[in-house]
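*Asks:* The following block contains the structure, expressed as structure tokens.
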Amino acid sequence: MRHRILRSTIAVVAVTGLFLGLPLMFYTWRWLDDTARTDLQHRLQRASSEILVQEQRTGDGGEPPVDTLRLLVPSGGRLVLTYTDRSGAPRELTVGAEKPLENPMVEGTSLGEAGVLRLEQDYSGVRSEQFRALTIELIVMALSVTAGVVVAAVTASRVADPVQDVADRAQRLADGDFRPDSNRHGIEELDRVLDVLDAATVEIADRLQRERQIVGDVSHQLRSRLTAIHIRLDELTLHADPEVVTEARAALDQVDRLTSSVSDMVQMARTERTPQGVVDVRAELTPLLADLEPAFARAGRRLTVVAGGPESLPARATAPRVREAAAVLIDNALVHGRGTVTVTFGSVGAHTVLVTVADEGSGISDGDAQRIFRRGYSAGAGTGVGLALARAFIEGDGGRLQLQSRRPTTFAMFLPAAGPDEPQVEPAAPEPEPR
């Protein structure tokens with residue numbers, strides 16, 4: 001911004017200087033030329049008057065007043081009088097320079113019977129005055145542009161620095177720094193923006209505090225109930241019936257996964273920035289697909305996996321977010337879809353990991369397709385939260401979740417692929433929950 005203000009101000013000063021300076025220089029050039037000619041005409045008029053007065057005094061053929069005419073000749077100039085003497089012989093009187101001028105400015109007049117008067121002046125003197133005046137004007141223009149540059153630099157600094165400070169304040173707010181800043185810059189508009197940011201900071205901090213408290217309370221209650229269920233299932237693992245033990249252990253695995261998911265969700269809600277790492281998408285989602293297969297079997301449907309591309313699909317993402325987003329898509333296909341649900345793993349080029357979830361149902365109408373990711377909107381009997389939450393998870397990791405096909409219904413997750421040498425970032429240890 002500083003450089004844009006500086007460039008624009010300098011451009012305005014330069015254009016103004018050109019539009020004003022060039023006509024002024026042209027006018028000055030012409031004015032000095034006209035002034036020299038006017039002065040020469042006045043001298044010529046006075047000289048002709050002196051000659052005519054002298055002729056009236058002395059009669060025809062009188063001698064011209066040379067001493068008086070010499071005073072009227074400009075410096076370096078030359079006055080030439082052509083007349084007829086008393087004997088009728090033509091004569092020429094020269095006053096001033098003896099030799100003709102190389103580049104003269106000439107003005108002449110006829111004196112009737114008294115002869116012809118011509119006054120010459122060296123044009124080089126006029127040119128010197130003109131160039132001197134143009135030099136002065138160029139110096140003034142250069143000083144004006146210099147002053148404009150200085151003013152532009154000061155103005156750019158006074159404007160750009162406060163704007164940059166406001167941008168930094170907004171960035172700190174986006175990074176989770178909710179400390180108010182009392183610094184003001186004396187610019188009414190920017191100070192109003194800072195006042196609004198401070199008010200928003202307090203409001204956002206209060207809301208986050210309330211939401212984190214609610215999340216903590218809900219997670220505490222949920223994990224307490226999961227713990228009670230875990231204890232009951234542990235008792236069922238001691239049952240004499242092997243089938244009951246098998247089902248109890250499978251249910252325990254589900255409870256453990258649900259507890260882990262709740263812990264991850266709480267941790268993400270409490271952390272300002274969830275650390276990303278390198279996640280093997282296929283390896284992360286394979287246990288989830290295995291857990292969901294019995295639900296499809298009970299519904300008389302199939303869940304198939306199509307493994308495309310390399311065996312490992314590393315992506316820069318957060319494992320809980322990828323897992324929860326995929327769980328939402330597969331659960332939606334189970335509840336709202338029909339037929340076989342196909343999960344396909346692959347990649348798009350070398351920079352994107354692709355996961356698609358498709359079913360064989362009747363599809364999604366054109367109207368529903370425009371609103372399906374809005375929070376609270378559901379085409380069926382759902383809550384309208386799942387798809388919005390899944391998209392928020394994927395976009396939070398820099399990816400993209402979209403409806404790739406309406407018929408058959410196909411959702412696609414695009415995640416940024418990780419390089420082979422990128423280290424995996426270990427997630428932060430979850431905070432302990434009160435029991």
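*Asks:* Which one is right for this structure if mean projected area of the Cα convex hull in nm² is calculated from it: (1) 42.1; (2) 18.5; (3) 23.0?
*Replies:* (1)
*Asks:* I've got another one for you. Hey, what's the Cα Rg ratio for the range 180-273 versus the globular rule of thumb, 2.2 N^0.38 Å?
*Replies:* Values: Rg = 23.7 Å, N = 94, 2.2 N^0.38 = 12.4 Å.
So the range 180-273 has a normalised radius of gyration of 1.91.
*Asks:* Follow-up. Taking +1 at the Cβ of each Lys and Arg and -1 at the Cβ of each Asp and Glu, which of 17, 38, 143 sits farthest along the dipole of the chain towards its positive end, judged by Cα position relative to the Cα centre?
*Replies:* 17
*Asks:* Only four residue types carry charge here, +1 at the Cβ of Lys and Arg and -1 at the Cβ of Asp and Glu. Report the dipole size of the range 1-127 about the Cα centre in Debye, rounded to the nearest 20. All intermediate terms of the calculation are to be shown ahead of the outcome.
*Replies:* Numbers: 15 positive and 16 negative charges, 228 e Å.
The calculation lands at about 1100 debye.
*Asks:* Only helices at least 27 Å long along their axis, Cα-based, and averaging -1.0 or more on Kyte-Doolittle count here, so list those DSSP H runs from the chain. Could you put the intermediate results ahead of the total?
*Replies:* Values: long enough: 2-58 (82 Å, -0.12); 123-174 (74 Å, 0.57); 188-236 (71 Å, -0.28); 242-270 (42 Å, -0.13).
Qualifying helices: 2-58, 123-174, 188-236, 242-270.
*Asks:* Over the range 1-127, average the accessible area per residue using a 1.4 Å probe and give it in Å², no decimals.
*Replies:* For the range 1-127, the solvent-accessible area averages 64 Å² per residue.
*Asks:* Using only Cα positions of the range 1-127, each an equal point scatterer, no hydration layer, compute I(q)/I(0) via Debye at q = 0.18, 0.22 Å⁻¹ and quote the log10 values to two decimals.
*Replies:* Here the Debye-derived log intensity ratios amount to -0.94, -1.21.
*Asks:* Here's something else I'd like to know. What relative contact order, as a whole-number percentage, does the range 276-416 give when Cα pairs under 8 Å and 6 or more residues apart are counted? All intermediate terms of the calculation are to be shown ahead of the outcome.
*Replies:* Details: 269 pairs, mean separation 34.3, N = 141.
Here the relative contact order equals 24 percent.
*Asks:* Using a 1.4 Å probe over the heavy atoms of the protein chains, calculate the carbon and sulfur portion of the accessible area of the chain as a whole percent.
*Replies:* Values: 14470 of 25970 Å².
Here carbon and sulfur together make up 56 percent of the probe-accessible area.
*Asks:* Hey, got the dipole for the chain? About the Cα centre, +1 on K and R Cβ, -1 on D and E Cβ, debye to the nearest 20?
*Replies:* 680
*Asks:* Taking only protein heavy atoms into account and a 1.4 Å probe, give the accessible area per residue of the range 180-273 in Å². Display every interim value, and only then the final one.
*Replies:* Values: 6420 Å² over 94 residues.
Counting only protein heavy atoms, the per-residue value for the range 180-273 is 68 Å².
*Asks:* Quickly estimate the mean residue ellipticity at 222 nm for the chain, helices only: each DSSP H run with n ≥ 4 gives -39500 (n - 2.57), and the total goes over all residues, rounded to 500.
*Replies:* On the way: 9 runs with 247 residues, N = 435.
Taken over the chain, the calculation gives -20500 deg cm²/dmol.
The values are calculated or read from the model by the stated rules, or taken from the named source; none is laboratory data. Here the structure is a predicted model, which means the values were calculated and not measured. We place every Cβ from the backbone using ideal geometry, glycine too, and count neighbours over all the protein chains shown. The area values use the complete protein model at the heavy-atom level, side chains included, leaving out ligands, DNA and RNA. Shrake-Rupley method; radii C 1.70, N 1.55, O 1.52, S 1.80 Å.
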